[in-house]
Each structure stands twice: as structure tokens, then as C-alpha cells.
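For reference, the structure is listed below as C-alpha cells.
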Amino acid sequence: MSNWQYYPVILQIGSRTIKAGFAGDATPIVHISTNSYDLEDSQIKNITDHALPESVSLETHISDEINQLLWSYDLIDWDGNKFENLLERIIHHIHSCELLVDSKRCKVLVVEPIFFPTPLKKAVAKVLLFHLHAKSVTFYPEPIMSVVGSGSNRGIVIDMGWNYTTITPVYDLRMIYNLSRSTTRAGRLIHRDLYKKFEDLGVPKSDLFQFTERFVVQKCYCRDTEDKDRGYNETIDFENIEVPDRFRYESIENVLIRNDLASDDDHENQSPVTLVVKLLNELNIDLRGALSSKTLLTGGVSEVPGLKSRFYKELEKACGQNIEFIQSLGPWKGASLYFSTVLMSSSSTAVASTELHRDKYLNRESFMRDWTDNIYLSAANNI
């Protein structure tokens, strides 16, 4: 292979799942839970509750959850060196055992969450460029790649993940950061609520976290608005345990759909529907029509059966108008499409502004910028 040739690798590192594959592929080769690896060195010691209700603030759940997460937004007592060692082992295994390529021959595009902590981002860059000697690393936010995956260059991206549900307006493939919103009403809060219910049913604590996980994946759904009272007193058998049928939808609807909080409460406590309505009202009138016609729902939690249609109905009801919703392939597939076309083109200007090259990085001629650095740099260049 000539020196100029390389493997374009797409890497998405979530707190609970990792996806990896090659640019141009329809699906990632690697799609694995982070708990498949030994996470003892992840150094997650403290996870704050962000003003969650007392009924779902469980020390036992926090203890179990720590063993499932690769990283957390809370970096209290976080040891960066141990995290780098863990991340190096995981990414090296992905390259050598799953993708079957030498990391030295790879250009890596990392798809990052919108609020990805800067210390973690720097650790990822250091592992890829310093430890594994990748040719280059480029970071792109998940909301932008989700928009690309929808075949558009703008939209309101509602990402329902494990830690947060984020609402991000994107226009011309640029995020409008000052209007981005997030709420803790996401997968973690749903999991905690069901965890407490199953604990009361007597599910063994040794398997309680995984039992809850299996129930969410296999049985949970979101009801239609006209189907509110069906099966409330019925029970189902799940792994030889009698479970009330309402557990299948109750926690999801309470967390993601209903909003029983005052409108002036913190954003992190409000429902995603309320935050989207507020965002639409705060948008510039020139952007409101363009973005409201391109609203998309993504993230692992959004795959719960029935959730998208119910969420769209509730959002239209709250807005009092029809809203056009679009489908997206997701951030990884959007990045695969983007990387295989724009970034591999010699005429592309996107690479020069965001790509970290190994040689320059090791010689300290370039450094990793966060999104605020890019904003200020762009403003300075326009003066």
C-alpha cells in the first residue's frame, strides 16, 4: 500500500455503546455495549442526580450503573491516565480484532455527543494520535451527522440518549449552540424508575440492572394517545416473574411525554416536548419556518416502539400547528456518508479546519480545539 493510501474509519464512542466501521459502509462493523469490556479503570466514581425526584434517586442503582458506563459527564474524581489506558485497549482491540486494520493506516472521524466533555475529547485525541498513531483525527458533532443522515443540511435534532435528551437546531450544517437545550429526562431516568419497581417486586439484586435492561429492550413501548386505559390492571410473565402490564409503557410516558412541572423550572427537569416548543418560540423568525419543517428524532431511546409517533402527536398538539418530521439514518451512518464524499475529496475545505494530523500533533504544531475555539476562530477570520 502506498503511503498516501489510508483506511477511513468512523468511530462513535458513547457512554454505553461503541460503533465503528469504514466510511461508505451502510452499517457499522462493530456495534457493541461498553460493558462487554472490563470497565474497572473507567474511573467513574460519582454520578450526580441533577435534581432528580427522590423516588428515583437510588444509591444501589448508581452502584450498578457505574459498572455499565465507559464515561460520564460528571468528572469528579476522574483519573485521566487510567481512562486513557482503558480507551487504548478498547480501540486497539476494535482495530486489530474487529476491523482488521493497522491503526497507523487509518484516518479516524469521531462522532461526538454535543456536550462531550473537553477532557474526554482530549483523551480520545491523545489515544488515537499518540498511543495508536492514527494518521489523523477529525471530530464532528452527532447532531450535524444526524442531519446529514436525513439528506438535509438543516433541522431540529432531538437526540434521546442515556444521560440526556438534547434538542439542537442545525442550519447549513452548523449548530446554533446558544439555543441548544438538554434535559435529564432520558434513558437513565426511565431505567431508574423501572429498577425501583422491579426491586419492589423482589427481582434478585444480583441481576436487577440487567433484568431491567432486558425488559426495556424486549417489552417496553409507548401507547398511542387514544389508547390510554388499555391493559392497566393486566399482568404479563417476563422471565418467570409476574409483571404489571403498565410497566411496559408507564415509565417511558412519565419521563418523555408528560410534563407536570412549572414552565419556569430548569430546562433539565422539563419534558422534551416543552423544550422543543420553547426552542421554536425563541428561534429567529427567518429560521423558524426552515427548521420546524425539518424536525427529526434520533438516539437509542427513540427506537422504543410507538415513541416517535406519540412524541410527534404531542409536539404538534403543544405547538398548535402541523410540524413536518423527517427520518434520519442516524449519526454514524450520516458520518459514513459524509466522510466517504466530502472529506475524501481533495477540494474539500472541511478537513483543513478540523483535522488533527499525527505529525503536527506530536510536534505540538496543532492542538485539539473545542467548539468554542472554532466559533471564535471563525469570527476572527471574518473580521
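The values are calculated or read from the model by the stated rules, or taken from the named source; none is laboratory data. None of the values given here were measured: they were computed from a predicted structure. Every residue, glycine among them, receives a Cβ derived from its backbone with ideal geometry; neighbour counts consider all protein chains shown.
Being part of a helix (DSSP H, G or I) and over 17 Å from Thr34 (Cα atoms) is the filter here; which residues of region 78-87 pass it?
Within region 78-87, the subset part of a helix (DSSP H, G or I) is 80-87.
If the condition is that a residue be part of a helix (DSSP H, G or I) and over 17 Å from Thr34 (Cα atoms), then Gly80, Asn81 are the ones that fit.
Table: residues versus (1) at pLDDT below 90; (2) in the same structural domain as Phe22 (by TED's automatic domain parsing); (3) surrounded by fewer than 18 Cβ atoms within 10 Å (Cβ to Cβ).
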{"residue": "Val276", "(1), (2), (3)": "no, no, no"}
{"residue": "Asn284", "(1), (2), (3)": "yes, no, yes"}
{"residue": "Ala335", "(1), (2), (3)": "no, yes, no"}
{"residue": "Glu355", "(1), (2), (3)": "yes, yes, no"}
{"residue": "Asp359", "(1), (2), (3)": "yes, yes, yes"}
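Restricting region 217-268 to residues that are among the β-branched types (Val, Ile, Thr) and farther than 28 Å from Asp207 by Cβ, the residue that is modelled with the lowest pLDDT is Thr225.
In the list Ser136, Ser152, which residue meets the criterion of being assigned by TED's automatic domain parsing to the domain that holds Leu283 and either closer than 28 Å to Lys278 by Cα or more than 16 Å from the chain's Cα centre (by Cα) (or both)? I'd like the intermediate steps shown before the answer.
Details: Ser136 fails: assigned by TED's automatic domain parsing to the domain that holds Leu283.
So the residue among Ser136, Ser152 that is assigned by TED's automatic domain parsing to the domain that holds Leu283 and either closer than 28 Å to Lys278 by Cα or more than 16 Å from the chain's Cα centre (by Cα) (or both) is Ser152.
Against the list (1) in a helix (DSSP H, G or I); (2) crowded, with 18+ Cβ neighbours inside 10 Å; (3) modelled with pLDDT under 90, the condition Ser63 fails is (2). Leu201 meets the conditions (1) surrounded by fewer than 21 Cβ atoms within 10 Å (Cβ to Cβ); (2) touching a residue at least 60 places away in the same chain (Cβ under 8 Å) in every case but one. The failed one is (2). Of the numbered criteria (1) surrounded by 22 or more Cβ atoms within 10 Å (Cβ to Cβ); (2) part of a helix (DSSP H, G or I); (3) touching a Phe, Trp or Tyr at 6+ places or on another chain (Cβ under 6 Å), the one Ile90 fails is (1). Annotation note: of Phe115, Phe139, the sole residue that is aromatic (Phe, Trp, Tyr) and modelled with pLDDT of 90 or more is Phe139. Once region 18-35 is narrowed to residues that are closer than 18 Å to Glu112 by Cβ and either more than 19 Å from the chain's Cα centre (by Cα) or touching a residue at least 60 places away in the same chain (Cβ under 8 Å) (or both), the residue that is surrounded by the fewest Cβ atoms within 10 Å (Cβ to Cβ) is Val30. Among the conditions (1) among the polar types (S, T, N, Q); (2) surrounded by 23 or more Cβ atoms within 10 Å (Cβ to Cβ); (3) not in a loop (DSSP other than H, G, I, E, B), the only one that Asn163 does not satisfy is (3). Just one residue in the set Ser146, Ser150 is in contact with a strand residue (DSSP E or B) (Cβ under 9 Å, 6 or more places away or on another chain) and crowded, with 24+ Cβ neighbours inside 10 Å; that residue is Ser146.
Take the residues in region 304-333 that are small (Gly, Ala, Ser) and under 26 Å from Val111 (Cα atoms), then tell me which one is surrounded by the most Cβ atoms within 10 Å (Cβ to Cβ). It comes out as Gly330. With respect to (1) under 20 Å from Ser150 (Cα atoms); (2) out of contact with any Asp or Glu (no Cβ under 6 Å at 6 or more places or on another chain); (3) not in a helix (DSSP H, G or I), the lone exception for Ile323 is condition (2).
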